[in-house]
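Enquirer: Have a look at the structure that comes next, please.
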Amino acid sequence: MTSGAAGEATMAAATKPTEVDAVVVGAGFSGLYMSKKLRDDLGMSYRVFEAGDDVGGTWYWNRYPGARCDSEAYVYCFSFDEDLLQEWTWSGKYPEQPEILKYLQHVADRFDLKSGIDFNTRVTSARYNEETDRWDVGTDQGEQVSAKFLITGIGCLSTGQVPNIPGRDDFQGDWYHTGSWPHEGVDFTGKRVGVIGTGSSGVQSIPVIAEQAEHLTVFQRTPQFMIPARHHTVDEHYLDDIKTRYDEVWDTARHSIAGYPYKPMDRKALDHTPEERREIYEEAWAEGGFRFSGTSFSDIGLDKRANDTAAEFIRSKIRETVEDPETAEKLLPRDHPFGSKRTLIDTNYFETYNRDNVELVDIRHAPIEEIMPTGIKTEDGEYELDIIVFATGFDAMTGSFFRMNIEGRGGEKLQDTWADGPKTYLGLSVADYPNLFMITGPGSPSVLSNMPVSIEQHVEWISDLLEYTREHDIDLVEADPEAQEAWGAEVNDNADKTFYPYADSWYLGANIPGKPRVFMPYVGGVGNYRKKCDEVAAAGYEGYKLEKAGTPAAS
Ligand code: NAP
């Protein structure tokens with residue numbers, strides 16, 4: 001499996017230091033930029049461990065048909081290097097997975113980052129050693145590395161969940177999870193395919209699979225709100241123009257709510273007549289993507305009556321698109337407010353149900369009973385299948401941390417510390433886990449934002465903090481439990497002002513049986529969050545205990 005630069009890097013592991021300033025986990029957007037910072041700006045020794053055989057993180061693993069980014073490409077990239085920004089040209093509005101992966105490979109090559117990465121290497125243990133005040137990090141390659149700082153860039157959606165449906169292991173056909181798709185692809189030609197799940201991964205893959213498969217059965221638990229992507233609205237001239245305005249674009253994105261360069265709009269749905277509203281929604285619909293919410297009305301996310309107008313508009317579009325009224329009815333989202341689950345961006349999703357070879361099965365009202373050797377049995381029918389695609393999501397935000405078996409002070413496991421839900425300071429640190437930093441950890445805007453913008457902010461903030469520790473002769477940086485508690489309250493208070501708690505979503509852990517129902521990301525906006533982080537830094541890293549090893553000092 002190992003090839004090229006990645007293979008050389010893995011082979012070189014034997015000659016790499018086992019005592020370093022920092023271990024970075026993951027070589028996606030986060031790990032790449034973090035390792036560049038450690039090497040070029042901080043001059044620190046480091047190791048990067050990556051489970052895949054190449055860079056890319058999320059974009060390495062999620063290769064399912066139709067996989068695309070929902071953020072507009074010109075801001076779904078790094079902003080830290082002006083030349084990089086100018087020299088890279090995206091092919092359109094939302095690039096497909098191979099193009100994003102190519103971009104990350106380009107970044108890794110351009111800045112010569114691959115030699116610092118151990119590929120095909122998964123971190124399997126990370127224990128804070130109170131005798132040495134260092135992290136003892138173990139890998140599945142049998143290596144033990146000691147690091148002063150442990151920095152995770154493991155993504156928020158990296159641990160796939162395949163529901164444990166009775167009979168799953170006896171299925172005689174092939175099955176796949178969208179989040180760990182075979183690199184050689186899957187040929188659906190002439191096959192009877194079943195897709196379970198209609199979240200982002202499902203709605204992107206379903207129209208593409210339908211074009212290839214002999215027959216496609218979609219097993220839907222929750223109907224979803226979707227906005228058309230509208231790829232055609234961005235062309236070469238548009239992207240060239242953006243390049244001349246990049247400073248302004250990034251400045252707006254960094255101080256915005258969700259990390260996009262859209263100016264806030266103060267127009268309320270309820271201040272308009274139904275006819276005016278419809279016209280405005282039509283314009284936003286024509287614009288497509290996340291701009292639908294951004295350019296229509298500001299009260300959609302805050303006032304239920306306003307939200308209802310958007311929800312009804314989207315339902316009317318589904319009814320218009322889907323020819324069979326019974327199928328359309330099954331596809332109408334009714335049990336959660338618009339935006340309370342991740343808004344989905346689609347291309348030809350509802351149109352796909354007008355095809356003769358596509359069938360929708362409502363498993364909310366007639367749940368799956370078992371997977372048979374030859375297909376899927378629900379409460380009201382049996383469906384013969386050759387291939388099952390699980391588009392069933394991830395153990396989001398915490399699952400990948402737990403897989404690393406992280407232990408903090410006193411040998412306490414992170415699973416236990418977070419048994420009632422993740423507790424962090426700023427989504428960056430955890431009390432009793434000194435010198436551990438999480439890039440886009442729970443409690444930060446992360447998944448509610450355009451990820452590269454949030455990742456850059458975290459990497460730069462962590463780098464500044466590491467520089468500060470060096471300048472001030474500090475060995476240990478540890479979140480203060482009270483500051484952590486206060487931040488947790490702020491995360492919850494912000495969530496409670498929104499509709500997010502009203503839906504069963506992975507933001508709340510609701511998709512994983514037994515996971516505590518806690519809203520995990522910070523919903524207060526990337527601009528406010530950045531301001532808070534900057535204030536913490538300006539106040540000498542308020543909310544942290546900063547110590548010289550072995551000698552408690554003032555915070
Ligand atoms: P997801 O949003 O969690 O969707 C999983 C789907 O599987 C849902 O329809 C869910 O139904 C269903 N499901 C889960 N467990 C099930 C079970 N036991 N039985 C039947 N159905 C079940 O996962 P995802 O689609 O992979 O997306 C996860 C996140 O990744 C997205 O929200 C997004 O943030 C990110 N993502 C982004 C992109 C992009 O930018 N283009 C693409 C893919 C993913 P319920 O709704 O009823 O739970």
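The values are calculated or read from the model by the stated rules, or taken from the named source; none is laboratory data. Note that the coordinates shown come from a computational prediction; the quantities given were computed from them, not determined experimentally. For neighbour counting, all protein chains shown are included, and Cβ atoms are generated from backbone atoms with ideal geometry for every residue, glycine included. Remember, those area values only see protein heavy atoms, side chains included, never the ligands or the DNA or RNA. Shrake-Rupley method; radii C 1.70, N 1.55, O 1.52, S 1.80 Å.
Enquirer: Would you pull out the residues with amide H under 5 Å of Thr139's amide H, same chain only if 5 or more places away, H placed 1.01 Å from N?
Expert: Amide H to amide H, under 5 Å and 5 or more residues apart or across chains, Thr139 pairs with Thr124.
Enquirer: For segment 66-119 and segment 319-365, write down the distance between their C-alpha centroids in whole Å.
Expert: Going from one Cα centre to the other spans 32 Å.
Enquirer: Once both axes come from the Cα atoms, what is the angle between helix 200-212 and the longest principal axis of the chain, in degrees from 0 to 90, rounded to 10?
Expert: Around 50 degrees separate the two axes.
Enquirer: Enumerate the calculated ³J(HN,Hα) couplings along segment 335-352 in order (Karplus 6.51 cos²θ - 1.76 cosθ + 1.60, θ = phi - 60°), each rounded to whole Hz, writing x wherever the residue is Gly or Pro.
Expert: 3J(HN,Hα) across segment 335-352, in whole Hz: 9, 8, x, 4, x, 7, 9, 4, 5, 9, 10, 10, 10, 6, 5, 5, 4, 4.
Enquirer: Please work out the FRET efficiency for the pair Asp241 and Ser298, using the Cβ-Cβ distance as r and a Förster radius of 45 Å; give the result to the nearest 0.05.
Expert: 0.95
Enquirer: So which lysines pass the test for Lys93, namely a Cα distance under 24 Å, with those fewer than 8 places away in the same chain ruled out?
Expert: Counting by Cα, and skipping residues close in sequence, Lys93 has these lysines nearby: Lys102, Lys243, Lys263, Lys317, Lys341.
Enquirer: Through the Karplus equation 6.51 cos²θ - 1.76 cosθ + 1.60, θ set to phi - 60°, convert the phi angles of segment 63-71 into ³J(HN,Hα) values in whole Hz; use x for Gly and Pro.
Expert: Karplus values, whole Hz, x for Gly and Pro: 10, 5, x, x, 4, 9, 8, 9, 8.
Enquirer: Can you pull the accessible area of His472 for me, 1.4 Å probe, Å² to the nearest 10?
Expert: 90 Å²
Enquirer: What whole-number value in Å² describes the accessible area per residue of segment 248-397 for a 1.4 Å probe?
Expert: Accessible area per residue, segment 248-397: 46 Å².
Enquirer: Also: Across segment 41-48, in residue order, what do the Karplus-derived ³J(HN,Hα) couplings come to in whole Hz, using 6.51 cos²θ - 1.76 cosθ + 1.60 with θ = phi - 60° and x for Gly and Pro?
Expert: Values, residue by residue: 9, 9, x, 9, 7, 7, 10, 10 Hz.
Enquirer: On to the next question. Given a Förster distance of 22 angstrom, what is the FRET efficiency for Glu384 paired with Arg168, based on the Cβ-Cβ distance and rounded to 0.05?
Expert: 0.85
Enquirer: Before I look further, what does segment 475-555 give for accessible area per residue, probe 1.4 Å, in whole square angstrom?
Expert: 47 Å²
Enquirer: Share of the chain's accessible area from carbon and sulfur, percent, 1.4 Å?
Expert: Summing carbon and sulfur atoms, their accessible area is 46 percent of the total for the chain.
Enquirer: Amide H of Ile345: which non-local residues (sequence gap of 5 or more, or other chain) have their own amide H closer than 5 Å, using H built in the peptide plane?
Expert: Hits under the 5 Å cutoff: Ile227.
Enquirer: Hey, another quick one. Taking amide H positions as placed 1.01 Å from N in the peptide plane, with prolines and chain starts having none, which residues 5 or more places from Arg68, or on another chain, fall under 5 Å of its amide H?
Expert: Gln97
Enquirer: Where only protein heavy atoms count, and the probe is 1.4 Å, what is the accessible area per residue for segment 110-227 in Å²?
Expert: Result: 39 Å² of accessible area for each residue.
Enquirer: Another question about this same structure. Using a Cα-Cα cut-off of under 20 Å, which lysines could be cross-linked to Lys148, ignoring same-chain neighbours fewer than 8 residues away?
Expert: The qualifying lysines are Lys16, Lys36, Lys37, Lys413, Lys545, Lys548.
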